[in-house]
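None of the figures in this text is laboratory data; all of them are computed from the coordinates on show. What you are looking at is a predicted structure, and each value in this text was computed from that prediction instead of being measured. All Cβ positions, glycine included, derive from the backbone under ideal geometry; neighbour counts span all protein chains shown.
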Amino acid sequence: MNVAARLIGLAGADEILVSGPVRDGLPPLMQASARPLDQLALRGRAAAVSAYQYLWRREGETLSIGARRARGAVSLEIDYGGRRFTIDDARPRLTIGRAPDNDLVIGDGSVSRHHVAIALRGDKFLLTDRSTNGTDVRVDQGPTLHACREELILVGRGCIILGDEPDASLQYRVAGA
């Protein structure tokens, strides 16, 4: 039920999203109407979930031309305080913040309780800021980006600064793609 609730939250208006096991339990004719979307990292799930869009209405639908591009092996390494975290197919999501229920806990006052989440989406890494003070991403050989209650795609390598405290910075590196 938790997976269903998460998929409902991701679905747009007039859209039905189902997980792989739900799709597999449908009659064959209905299975044919389920278009594969991606492997999604959902809150509360250690492994990514196969998601399908159920095409319940045929008029004006968007047709998919060709097969989806195969996803290569990608990973994101995060280094902080002598510890390394890897985000990949085996661990598609990492939460960072001051609260003890985060994967990476940073006890700095400018870091929010649930500051950011970084998730593997397809072959990209999406940083979602949920903080009060925002997050800066300094891309090596590139610009510094600021996010406050918004999302950024992490590319290359660089530094993630939580809040306004340089001591609460993490080094990151995207590998593969």
Legend entry - Within the range 79-121, backbone nitrogen closer than 13 Å to the virtual label 7 Å beyond the Cα of Q171 toward Cβ: 79-85
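Taking 25 °C and 0.890 mPa s as the conditions, I'd like the Stokes-Einstein D for the range 2-54 in µm²/s, using the Kirkwood hydrodynamic radius from alpha carbon pairs.
D, rounded to a whole number, is 219 µm²/s.
With a Förster radius of 22 Å, plug the Cβ-Cβ distance of E15 and R149 into 1/(1 + (r/R0)^6) and report the FRET value to the nearest 0.05.
The calculated FRET efficiency here is 0.40.
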Inset, instruction - Step through the residues of the range 74-83 one at a time and calculate ³J(HN,Hα) from phi using the Karplus curve (6.51 cos²θ - 1.76 cosθ + 1.60, θ = phi - 60°), rounding each to whole Hz and writing x for Gly and Pro. - result: 10, 8, 10, 9, 10, 10, 8, x, x, 10
Legend entry - Residue order, fewest to most beta carbons within 10 Å, for Y172, Y52: Y52, Y172
Legend entry - Inter-centroid distance (Cα atoms) of the range 158-175 relative to the range 1-31, Å: 36 Å
Legend entry - Test item: Cα-centred dipole of the range 2-54, Lys/Arg +1 and Asp/Glu -1 on Cβ, debye: 180 debye
Legend entry - Net charge over other residues, Cβ less than 12 angstrom from the Cβ of D129 (K, R count +1; D, E count -1): -1
Inset, instruction - Take each of the peptides 83-91, 108-116, average the number of other beta-carbon atoms within 10 Å over its residues, and list them starting from the highest. - result: 108-116, 83-91
Legend entry - Share, in percent, of DSSP beta bridges within the chain that are antiparallel, nearest 5: 95 percent
Inset, instruction - Express the Stokes-Einstein translational diffusion coefficient of the range 74-176 in µm² s⁻¹, to the nearest whole number, given a Kirkwood radius over alpha-carbon pairs, 20 °C and a viscosity of 1.002 mPa s. - result: 161 µm²/s
Legend entry - Taking T95, T128, T135, T144 and counting other C-beta atoms within 10 Å, the order from fewest to most: T144, T128, T95, T135
Legend entry - Under-5 Å amide H pairs with A34, H placed in peptide plane, nonlocal only: L55
Legend entry - Net dipole in debye of the chain [+1 Lys, Arg Cβ; -1 Asp, Glu Cβ; about Cα centre; nearest 20]: 480 debye
Inset, instruction - Please order C148, C159 by the number of other Cβ within 10 Å, starting at the fewest. - result: C148, C159
